[in-house]
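Report on the structure given below.
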Amino acid sequence: MTETKKKTGGLAGVTAGDSSICLCSAEEENLLYRGYAVQDLATHASFEEVAWLLLRGDLPKAEELNNYRQSLNDMRDLPPSLKMILEKIPATASMMDVLRTGCSALGTIEPETPDTPPFHIADRLIASFPSMLFYWHHYHLNGHAINLNTGEETLAGQILHLMEGKSPVEAYRRCLDVSLVLYAEHEFNASTFTVRTIASTLSDFYSGICGGIGALRGPLHGGANEQAMDLILKFKNNDDAEKGILDRLEQKKLIMGFGHRIYTTSDPRSTIIKWWAEKLSHNSADGYLFNIGETIERVMWDKKSLFPNLDFYSALAYHFSQIPTPFFTPLFVMSRIAGWSAHLLEQRANNKLIRPVSHYTGPEKRNWLYISDRG
Ligand code: COA
C-alpha cells in the first residue's frame, strides 16, 4: 500500500480550482458575485440582472437588461414533445425528478451542437424550468395543459403566476426575486462541483445540469429548505420548539437549515432572507412560525454555536408567500441554474479533466484463489 496521504473528509478546506465567478469568504463571512456584494444585489438587483452578471461577467446596461428579459420571455414555451413527456411522468414523482427529466428530455429535443451560441442553453433553461415544473404540476392536478405565456416580466413573477394561475402579490414576487438572487451562486458547492466535473469530461451542457440537479436534491444540500419547513411545522409554540430541538440534539439528529461548510459564525444570505420572512409573517395567518424559527435559531446558537444558513429562513419566507413546501428545492434549481451554467462555461474555457485520487484503504495485493480452495 502507498504511504498514507493527508485525508480531507468531504474535501473540506481543499482548493479545487480557480474561479472568477464568486468569492465565498470564510474570514469575512462575505459573499461576492463577480465582485458585487450579495447584500447590494439583493437590495438593488433583479434575478435577471444577476443571471446576466454571473453568465456574462458584468452588470447589464438598461437596454441589455430589457432585451434579455424579452428574450427569456420568448424562450418560456416548451416543445410539444416535451409536454407529452411531462404528461407521462407520474403525478407522484418528486418535483426534482421532474426537473431533472425535463432537462434531460430537452437535451434530446434541442441538443447542444457546435453551433449553439454559448449562453443559449443556460438562458433556455432559466426561462423554461418553471414551465416544465408547472406544466407537469397542473396537468396532473387539474388534467389540463396550462398556458405558459403569462405576460409576467420577471422570472419571479412568472413562477408565482404559473403556480397560482394569477398575477402575484408584489411583496411575494419581490421576496421570491430576492431569494432567487441569493440562491443563484455559491462557488464550489456540491452541485456546482458536480456540474464542473461533468463539464470537465467535455460532456454536453444538459448532462452537466442534470448532474447538478441530482446533487442538489439531497437534504444536506438543496433539500434542506423543505426539511427545515417540515421541522418548523411540527412545533405548536416556542416552548414546544425549544424542547423539540433540545431532544433532537440529544439524539444527535441534524437540524436542517443550520451549519455551513465554509461560514463559521453566520451566513451573509441568511440575514437578508430572515428580514423578508419577518416582514411577510406580519400578514400571515401562521405568522407565529417566525417566532418558532427564532426560538430554534437561539437554541441552536446556545447549544451548538450553529447559525441558520440560507435554507432555514428561506423556508419561512416561502411559506409566508404561500408557496407549498414541495416547490422549495425546485425553486433553488430555477435560480442556481445561473451559477451552474456560469461555472460550466468557465470550466470549458480553461478545461482540465477533473480526476482526483483516492486514499486506498483496501487489502494488500492478494493471490488468486481458485473456487475449490475458498472453503
Ligand atoms: N444540526 C446539528 N448538528 C450539526 C449540524 C446541524 N445542522 N450541522 C453540523 N452539526 C454538527 C455535526 O454533527 C458535527 O458535530 P460533531 O463534531 O459532534 O460530530 C459538527 O457540527 C460539525 O459538522 P460537520 O458535519 O463536520 O460539518 P460539515 O462542514 O461537514 O457539514 C453541513 C456542513 C451543511 C453539511 C452540515 O452543517 C449539515 O448537515 N447541516 C444541515 C443540512 C443543511 O442545512 N444543508 C444546507 C447547507 S447550505
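Observations
- The one condition in (1) out of contact with any Lys or Arg (no Cβ under 6 Å at 6 or more places or on another chain); (2) buried (at least 24 other Cβ atoms within 10 Å of the Cβ) that Ala156 fails to fulfil: (1)
- Condition broken by Met256, with the remaining ones in (1) within 12 Å of the ligand (Cβ to nearest atom); (2) over 16 Å from the mean Cα position of the chain (by Cα) satisfied: (2)
- Residue in the stretch 94-107 that is touching a residue at least 40 places away in the same chain (Cβ under 8 Å), touching a His at 6+ places or on another chain (Cβ under 6 Å), open to solvent by less than 80 Å² (accessible area, probe 1.4 Å) and under 30 Å from Leu148 (Cα atoms) present: no
- Figure legend. Inter-residue proximity from the stretch 244-268: first residues without any contact (Cβ under 8 Å) to a residue 24 or more places away in the chain, second residues near the ligand (Cβ under 10 Å from one of its atoms) and of a type outside the set (Ser, Thr, Tyr), beta-carbon distance below 7 Å, spacing 6+ or different chains. Indicated pairs: Arg248/Ile255.
To keep it simple, each residue is scored yes or no on (1) aromatic (Phe, Trp, Tyr); (2) buried (at least 20 other Cβ atoms within 10 Å of the Cβ); (3) under 12 Å from Asp77 (Cβ atoms).
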{"residue": "Asp115", "(1), (2), (3)": "no, no, no"}
{"residue": "Asp123", "(1), (2), (3)": "no, yes, no"}
{"residue": "Pro130", "(1), (2), (3)": "no, yes, yes"}
{"residue": "Tyr139", "(1), (2), (3)": "yes, no, no"}
{"residue": "Asn147", "(1), (2), (3)": "no, no, yes"}
{"residue": "Gly165", "(1), (2), (3)": "no, no, no"}
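- For beta carbons closer than 9 Å, sequence separation of 6+ or different chains, a first residue in the stretch 349-368 that is loosely packed, with under 10 Cβ neighbours inside 10 Å and a second that is of a type in the set (Val, Ile, Thr) and modelled with pLDDT under 95, the qualifying pairs are Pro356/Val14.
- Only one of the listed residues (Lys83, Lys6) is over 22 Å from Asp267 (Cβ atoms) and at pLDDT below 95. That residue is Lys6.
- The residues listed here are Tyr139, Tyr172; of these, the one that is assigned to a helix (DSSP H, G or I), over 24 Å from the mean Cα position of the chain (by Cα) and closer than 30 Å to Ser284 by Cα is Tyr139.
- Conditions (1) in the same structural domain as Gly259 (by TED's automatic domain parsing); (2) of a type outside the set (A, V, I, L, M); (3) closer than 26 Å to Thr15 by Cα: number failed by Asn291: (3)
Condition check ((1) more than 15 Å from the ligand (Cβ to nearest atom); (2) open to solvent by 40 Å² or more (accessible area, probe 1.4 Å); (3) part of a loop (DSSP other than H, G, I, E, B)) across all residues:
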{"site": "His186", "(1), (2), (3)": "no, no, yes"}
{"site": "Ala199", "(1), (2), (3)": "yes, no, no"}
{"site": "Gly211", "(1), (2), (3)": "yes, no, no"}
{"site": "Ala215", "(1), (2), (3)": "no, no, no"}
{"site": "Gly222", "(1), (2), (3)": "no, no, yes"}
{"site": "Glu226", "(1), (2), (3)": "no, yes, no"}
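- Candidate set from the stretch 259-281 (those that are more than 12 Å from the ligand (Cβ to nearest atom) and outside any helix (DSSP H, G or I)); member that is surrounded by the most Cβ atoms within 10 Å (Cβ to Cβ): Ser266
- Condition met for Ser284 (more than 15 Å from the ligand (Cβ to nearest atom), assigned to a loop (DSSP other than H, G, I, E, B) and on the phi < 0 side of the Ramachandran plot): yes
- Of all the criteria given as (1) free of Cβ contacts under 8 Å to residues at least 24 places away in the same chain; (2) within 10 Å of the ligand (Cβ to nearest atom), the one not satisfied by Pro308 is (1).
The values are calculated or read from the model by the stated rules, or taken from the named source; none is laboratory data. Not measured: the values here are computed from a predicted model. Cβ coordinates were reconstructed from backbone atoms using ideal geometry, including for glycine residues, and neighbour counts include every protein chain displayed. Protein only, heavy atoms only, side chains kept; ligands, DNA and RNA dropped before computing areas. Shrake-Rupley method; radii C 1.70, N 1.55, O 1.52, S 1.80 Å.
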